[in-house]
Amino acid sequence: MTMLLKPKRGGFLRPFGCGWFIREYLLGKGPYGSPKIDSEFGAPQAVIFHDYKLALMRATAFDRATRLEEKKARREQRRVNPDNIEILAERYLARMPYKAQGCRYHSFVVYFSNIVRLGWVELTGKETRSSFQDHYPMGQPQKYFRLTNPGRKATDSDWANPLRALYSRI
C-alpha cells in the first residue's frame, strides 16, 4: 500500500489551505481567529488576503509553541503548561515576518480569479474607497465578493485545486 506524501488538507507546511480559508471566511465563520463577516455582505479581496496571512501566522506560531513546550516538558519530565504555550506563541508571532507565511498577493489574486471564473464567488455590487485612492483618486475602489451556491456545494478537493476543477469542465 502506498502512502500519499501530501496531506489531505492544507498542502505542504500549511495548517490549512487557501481555498478552505476563503470558503470558511466568506461563509462568515471567522476561521483561525479571523474576524467574522456577514456572508451576504461579503468582503474585499485584499481584506481576505490580509486575514488569511494573519491566520496562517497565528496557526504557525501556536503550532511551533506547542511543539517546543511539549519537547521541554518531556525533557524536564513535567506536564505541558498551556500558559507557557500562550507566552511562546505570542513571542513567535511578534518575531514572525509577514511575508514569510503563505502565498504572495499576486498568487492569491490568480487563485481568486480562478474561483471567480468557476462561479464560486461573485461581486456583491458594493464598493468602498481604497487606501490607494487617497494618493491616486482615479484608482480602483475595493469591490466586495461573496460566496455563491455552487461555491458552497463545491467539494474540499475542488477548493484545494480550482484549476483542476476549472479545466475538467473544458
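When both residues are 6+ apart or on different chains and their Cβ atoms are under 8 Å apart, which pairs have a first residue that lies in region 10-21 and is farther than 19 Å from Val109 by Cβ, and a second that is at pLDDT 60 or above and surrounded by fewer than 16 Cβ atoms within 10 Å (Cβ to Cβ)?
Pro15/Asp63
Taking region 114-170 as the region of interest, how many residues are over 20 Å from Gly28 (Cβ atoms) and part of a helix (DSSP H, G or I)?
16
Here are some residues: Ala89, Ala165. Which one is aliphatic (A, V, I, L, M), at pLDDT below 90 and surrounded by 14 or more Cβ atoms within 10 Å (Cβ to Cβ)?
Just one listed residue meets the conditions, Ala165.
For residues that are hydrophobic (A, V, I, L, M, F, W, C), part of a helix (DSSP H, G or I) and under 23 Å from Arg64 (Cβ atoms), tally how many sit in region 14-30.
Total satisfying the criteria: 3.
Select from region 94-113 the residues that are over 15 Å from Phe21 (Cβ atoms), under 15 Å from the mean Cα position of the chain (by Cα) and part of a loop (DSSP other than H, G, I, E, B) and list them in ascending order.
Arg104
The values are calculated or read from the model by the stated rules, or taken from the named source; none is laboratory data. Being a predicted model, the structure only gives us computed values, none of them experimental. With ideal geometry, Cβ positions are generated from the backbone for all residues, glycine too; neighbour counts draw on all protein chains shown.
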